[in-house]
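J.: I'd like to ask some things about the structure below.
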Amino acid sequence: MTQTSPSEKLLIERREAVTLLTINRPEVRNAVDDETMNALRAALQGCADDGTRCVVLTGAGGAFSAGADLKKAALSGFGPEETFRLLTDCYGPTLKAIRSCPWPVLAAVDGYAAGIGCDMALACDIRLVSARGRFAELFIRIGLIPDGGGTYLLPRIIGTGRALEMILTGDDVSAAEALHIGLANKVFPVESFVQDVRAYAERISRQAPGSLRRGKAALLESLNSSYEDALAREAANQRDILMSEDGMEGFRAFLEKRSPRWTGR
């Protein structure tokens, strides 16, 4: 079932436990403005407890997102203070909502992911890319630096040297190169991209709900903690999972040589 959010700039489609969020501004290659970002944040927050188990973020019309809609920003008084306000009150909270969504968020990058569009893809947990997908931290082309969390996430994903190269040159990174350097998790053919992404998302959505949430949270928390803290966190999570119905169901299903029946409890 497809519906529009309160803003027609974002389409929301729900298929069983997978929610597809599509930035719907193909006339500007899905460049985002404050209305789009606010709608996306609200949609992500709504996925927390509505039966969603996996979220896919993509763009309409053969592009992921060309970044911020600078032409619209210029018409509304683009300047230092307005930019700061948008980043702190709108764009930043939406990027945090992508990152902190309790369920896995997949970026389906078909076409261009540039500027803050690239950083939105970085904020997702996994990046699935079509053969025509491209990434670019193009801020330096207009004399800026990444402002969508790129300076934090990019080196953690592809390493410092490659991250600096993307940031300091603004060069495009092809789908093939993105796969080679770890920026893309998978590259699918253009012709089957939609079907391949759906199959991937559906596979994740069928995993144990408690393990999906706890596994993602534990990994993200470990990025800013010690090895010892990670071990302690993992032990506590395993204990809590095994106290749940799903925790015991996994063991029973394994011993009985059948597929587990997850309930989320």
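J.: Just to be sure I understand: if I project the alpha-carbon convex hull of segment 118-164 onto a plane and average over all orientations, what area do I get in nm²? Provide the component values of the computation, followed by the final result.
T.: Details: hull surface 14.4 nm².
Averaging across all directions leaves 3.6 nm² for the Cα convex hull.
J.: Hey, which aspartates and glutamates would be in cross-link range of Lys186, C-alpha to C-alpha under 17 Å, not counting anything within fewer than 8 residues on its own chain?
T.: The reachable aspartates and glutamates, counting only those whose Cα sits under 17 Å from Lys186, are Asp110, Asp125, Glu177, Asp196, Glu202.
J.: Is there a quick way to get the dipole size of the chain? I mean about its Cα centre, with the Cβ of Lys and Arg at +1 and of Asp and Glu at -1; what is the value in debye to the nearest 20? If you can, show how the numbers build up before the last one.
T.: On the way: 32 positive and 34 negative charges, 149 e Å.
Once rounded to the nearest 20, the dipole reads 720 debye.
J.: I would also like to ask the following. Taking the mean number of other Cβ atoms within 10 Å as a proxy for protection, how do you rank 146-155, 231-240 from highest to lowest?
T.: Working: 146-155: 20.1, 231-240: 13.0.
Answer by packing, highest mean first, reads 146-155, 231-240.
J.: List the extent of the Cα atoms of segment 153-234 along each of their three principal axes, largest first, rounded to whole Å.
T.: 41, 35, 15
J.: Another question, then. Evaluate the charge dipole of segment 72-162 about its Cα centre and quote only its size in Debye, nearest 20, assuming +1 on the Cβ of each Lys and Arg and -1 on the Cβ of each Asp and Glu. Spell out each step's value before the answer.
T.: On the way: 10 positive and 8 negative charges, 60 e Å.
Dipole size: approximately 280 debye.
J.: Moving on. If we sort 130-137, 89-96 on the protection proxy, mean other Cβ atoms within 10 Å, highest first, what's the order?
T.: Details: 130-137: 23.5, 89-96: 18.2.
Answer by packing, highest mean first, reads 130-137, 89-96.
J.: Same structure again: Choose one of Ile145, Val32, Leu128: the residue whose Cα lies farthest towards the positive end of the charge dipole of the chain (beta-carbon charges +1 Lys, Arg; -1 Asp, Glu; about the Cα centre).
T.: Final value for the positive-end residue is Leu128.
J.: What residue among Ile23, Ala66, Gly79 has its Cα farthest toward the positive end of the dipole of the chain, where the charges are +1 on Lys, Arg and -1 on Asp, Glu, each on the Cβ?
T.: Result: Ile23.
J.: Tabulate in residue order the Karplus-calculated ³J(HN,Hα) for segment 121-134, using 6.51 cos²θ - 1.76 cosθ + 1.60 with θ = phi - 60°, rounded to whole Hz; enter x for Gly and Pro.
T.: 5, 5, 5, 6, 7, 9, 10, 9, 10, 7, 4, 9, x, 8
J.: Another one. Lys96: which lysines have alpha carbons under 18 Å from its alpha carbon, excluding same-chain residues fewer than 8 sequence positions away?
T.: Lys216
J.: Sort out for me the Cα centre separation of segment 23-55 from segment 74-145, rounded to whole Å.
T.: 12 Å
J.: Let me check I have the definition right: for segment 1-112, take the eigenvalues of the Cα gyration tensor, multiply each by 5, take square roots. What are those semi-axes in whole Å, largest first? Show your work: numbers first, answer last.
T.: On the way: eigenvalues 117, 51, 25 Å².
One finds semi-axes of 24, 16, 11 Å for segment 1-112.
J.: Aspartates and glutamates near Lys257 by alpha-carbon distance under 15 Å, same-chain residues fewer than 8 away left out - which ones?
T.: Of all the aspartates and glutamates, those that pass the test against Lys257 - Cα under 15 Å, at least 8 places apart if same chain - are Glu249.
J.: Further question on the same structure: In whole Hz, what ³J(HN,Hα) sequence does segment 9-21 give by Karplus (6.51, -1.76, 1.60; θ = phi - 60°), x for Gly and Pro?
T.: 7, 9, 9, 10, 10, 10, 10, 6, 9, 9, 10, 9, 10
J.: What's the angle, to the nearest 10 degrees (0 to 90), between helix 160-169's Cα axis and the longest principal axis of the chain?
T.: For helix 160-169, the angle is close to 30 degrees.
J.: Specify the angular offset, from 0 to 90 degrees and rounded to the nearest 10, of the alpha carbon long axis of helix 245-255 from the longest principal axis of the alpha carbons in the chain.
T.: The helix 245-255 is inclined about 70 degrees to the chain.
J.: Helix 193-205 sits at what angle to the longest principal axis of the chain, using alpha carbons and giving 0 to 90 degrees rounded to 10?
T.: In the chain, helix 193-205 runs at an angle near 40 degrees to the longest axis.
J.: Let me ask something additional. Would you report the distance distribution of C-alpha pairs in segment 209-255 as whole percents per 5 angstrom bin, up to the bin with the largest distance?
T.: Percent of pairs per bin, in order: 5, 21, 27, 20, 15, 9, 3, 0.
J.: Along each of the three principal axes of the Cα atoms of segment 2-205, give the extent in whole Å, ordering the values from largest to smallest.
T.: In descending order, the Cα extents are 44, 38, 29 Å.
J.: Also: Assigning unit charges at the beta carbon (Lys, Arg +1; Asp, Glu -1) and nothing else, what dipole magnitude in debye, to the nearest 20, does segment 209-255 show about its Cα centre?
T.: Details: 6 positive and 8 negative charges, 21 e Å.
Here segment 209-255 has a charge dipole of around 100 debye.
A short reminder: the numbers here are calculations on the coordinates, not readings from a lab. Just so it is clear, the structure is predicted and the values come from calculations on it, not from any experiment. Don't worry about glycine lacking a Cβ; one is built from the backbone with ideal geometry, like all the others, and counts go over all protein chains shown.
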